[in-house]
Structure formats: C-alpha cells, structure tokens
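Written out below as structure tokens is the structure these notes cover.
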Amino acid sequence: VTSPCKILKCNSEFWAATSGSHHLGTEEAPEFCTALRAYAHCTRRTARTCRGDLAYHSAVHGIDDLMVQHNCSKDGPTSQPRLRTLPPGDSQERSDSPEICHYEKSFHKHSAAPNYTHCGLFGDPHLRTFTDTFQTCKVQGAWPLIDNNYLNVQVTNTPVLPGSTATATSKLTIIFKSFQECVDQKVYQAEMDELPAAFADGSKNGGDKHGANSLKITEKVSGQHIEIQAKYIGTTIVVRQVGRYLTFAVRMPEEVVNAVEDRDSQGLYLCLRGCPLNQQIDFQTIRSAQATEGRARRKGPSLPAPPEAFTYETATAKCREKLPVEDLYFQSCVFDLLTTGDVNFMLAAYYAFEDVKMLHSNKDKLHLYERTRDLAPANMAPSGTPGALWVALLCLSQCWLCLL
C-alpha cells in the first residue's frame, strides 16, 4: 500500500517554485515568502499521515529556519509563484571545492589506490553484499542496508500481495551525514510510485558549504532512475523504480565501508554482514522443487493456471530474453516470476545486473554462480551430472588408482 504521507510532493512543489530563490533581489523576497507559506501549508495538510516520518520533520524544521532567515510572516498569501532558475555559472555549479571534498583527488596521500566494493538489493528481495555474497531474504519491515560514519541507508520491504511471503522494497531512506567543509546533513527518501530527483529539503546538492557540489542528485529517467554522486566519500548510489518497487545499488570504497566506530554493533548492517540466518531463504532448494514440480505437472493432469501465473518453463524463457547467462541474477528472475507472477521483477533483475556492470570494480566478478557449479570451467558442472555425484565419481576414480 502506498504511504499516505505526501511530504515528498510538498518538497518537490517548493523546489520547483523556488529554484534559485536565494539569489533573488530584495524586491522579490515577498515571492519567496509566499512560496514558503505554501510549503508550510502543504506540510500541515499531510501532518496526520506523516507522524514519525524523518523527511517530514526535517521539512518542518527547515521551513521554520527559512521563515526566520528571510523575515517571512506566517500570515499572508500562499499561491506558488514561478521564480527564475539559477543563472549559468552560478556558485551552485562551482567546481573549486576543497580537495578534501573529492575522495579520489585526495588519495595521492595514500600509498595505494582505493579499492571499491559494490552492494545491491532488488526483487523479492535479493542481496549482493560488499563481499560478493548473494542471498535471497525475507527481511519484511524496516532494515538497515548501510550504517557507517558517513551515511545510513534503510529499506522497508512489504508483501507483494496480501498474505504473500514474497516481499519487495517499498521505501528507501538515505541519510548523508554532515562532513567537514563539504556537505550539510542531507536526507533522500523514495517510496512506491514516488522517486524524487531532490533531497527531502528540495535541494539537489550538499547545501551551503564550500564543497556542496561534491554531493549531487542527477535524474537519469524521470520517475524511474536517479543517481547520487557523493564525491567526498568516493561513493555512487543508483536508485530505480521498476514497476511499483525500488532497487538499490552502490559503489563505495572499502575504507568508507569499514568506517564504523563499533563493528560489533553493526550486526544488522545487511550490505556488510548479509541477512540474518533466520531471514535467509534456501534459494536453490526452492528452485529445484519448482523445476521438479514443473516436470511432474507435464506428466500428469493439471489445473488451468491464471493468466498472470508462470510455469518454470515459461519463467525460464521470459528471463532468458533479458538475462542470457544463467547466473544467480537469471535464477533470481525465475524465482521472482514464479513467486509473484509480476513481469516487472524480470526487469528488476536485469537492471540490477546492469548496475553491477557499471558499479563493480572487478569485471571478472560480475556474474555470480551457485557453489555447486564451481567444479568445471565457465562455472558449469558437466551437463546432466549433479555436482555431488561428479565429486563422488572423481573420488572413487582416485581410490581405484591408489589400489592399482
């Protein structure tokens, strides 16, 4: 169910109305105050449904601060004017940020180049950790993906259908912590059917500090794909909406990944530690059962399936359209089509792999395969021979040679 809290809509409207407003002359200040009162009115309308929402409370406090800074009266007109945008070459676009606000430029002080890692979450949901471990998890409700000294990322997963065990990411909150002379604290929040191209306060960069441009949001596809560049920590984040649900992918230096004050308290940091054992789904066992059930259905009478349902064969064929390599992204696609019947989950797996290709620093580790397939070249066990049987035959042949 889509959240009734519409704070993101209020933020977007205010940003659209006041882009570049802090550069207005004094004669236009009343128009900024008018837009600010409209913003406050919008937040009051959604107050009851936004209790406990971090972006909402951030917006309310921000409005109060702006009211004081611009000597705005709380009483007056609330129609939203269209104000002029930033002129070319404005200071918001400056590139003379301090060196400390560009992670890679400041790395000449180190003996070796930074090592980058990747984490991604997509589908029902499937998690690829910073250590290239691949898991399928339940994790219903709110869970932390990343929690270090520089940023926090939290996802909320909800059932795809009422009573279903299949869950997907319906809400995402990213908090960039204030950092030296580079950025102010910024909050980004996305949810089902709402993928903003701005932070919760309506801005698109790191605030008023000298290095503010080292944190930036770029909209790649309206309502479907945004990218956040946090150059001061060498981090790139990609958030997509595929169908009604969200996917997340990040490229981050190991030094930033491990920048935590107390590693023992990071047990539920999913991108670093993976999902707790009691939240993991035995992906391969379920997939094998689905394939066996599909073969049994072909041999005997079967009930007609609803139009949106997939069989193992049709799911496999559909996934192969976008994912020709039968790795774990392909298997995730098949799993999701069988558990949800929603073809958008095929696209989620496809885009998740596209993000891996863009963000992962080791191109030899793009594809991930099941452990049982690591026995032969190209990560494939000999056709028709189960992995365990192949190992057993190999052991027997060695024993026979010893006896001879």
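Does segment 239-262 contain any residue that is exposed (fewer than 15 other Cβ atoms within 10 Å of the Cβ), at positive phi, at pLDDT below 95 and out of contact with any Phe, Trp or Tyr (no Cβ under 8 Å at 6 or more places or on another chain)?
No - not one qualifying residue is present in segment 239-262.
Considering only helices (runs of 4 or more DSSP H) fully contained in segment 309-373, which possess at least 1 residues that are under 15 Å from residue 119 (Cβ atoms) and outside the structural domain of residue 120 (by the TED database)?
In segment 309-373, 328-340, 344-359 are the helices (runs of 4 or more DSSP H) which contain 1 or more residues that are under 15 Å from residue 119 (Cβ atoms) and outside the structural domain of residue 120 (by the TED database).
Determine, yes or no, whether residue 213 is outside any strand (DSSP E or B) and either free of Cβ contacts under 8 Å to residues at least 12 places away in the same chain or assigned by the TED database to the domain that holds residue 342 (or both).
No; evaluated as a whole, the condition is false for this residue.
Filter segment 46-58 for residues that are in contact with a strand residue (DSSP E or B) (Cβ under 9 Å, 6 or more places away or on another chain) and assigned to a helix (DSSP H, G or I); which is least open to solvent (accessible area, probe 1.4 Å)?
If we take residues in segment 46-58 being in contact with a strand residue (DSSP E or B) (Cβ under 9 Å, 6 or more places away or on another chain) and assigned to a helix (DSSP H, G or I), then 55 is least open to solvent (accessible area, probe 1.4 Å).
Against the definition (open to solvent by 40 Å² or more (accessible area, probe 1.4 Å) and under 22 Å from residue 7 (Cβ atoms)), how does residue 204 come out, yes or no?
Answer is yes for this residue.
Would you please list the contacts, defined by Cβ atoms under 7 Å and residues six or more apart or on different chains, that run from a residue in segment 9-24 that is more than 12 Å from residue 38 (Cβ to Cβ) and modelled with pLDDT of 65 or more to a residue that is open to solvent by 10 Å² or more (accessible area, probe 1.4 Å) and of a type in the set (Val, Ile, Thr)?
none
The values are calculated or read from the model by the stated rules, or taken from the named source; none is laboratory data. Because the structure is predicted, anything quoted here is derived from the model rather than measured. For neighbour counting, all protein chains shown are included, and Cβ atoms are generated from backbone atoms with ideal geometry for every residue, glycine included. Each accessible area value is taken on the protein alone, full model and side chains, heavy atoms only, with ligands, DNA and RNA left out. Shrake-Rupley method; radii C 1.70, N 1.55, O 1.52, S 1.80 Å.
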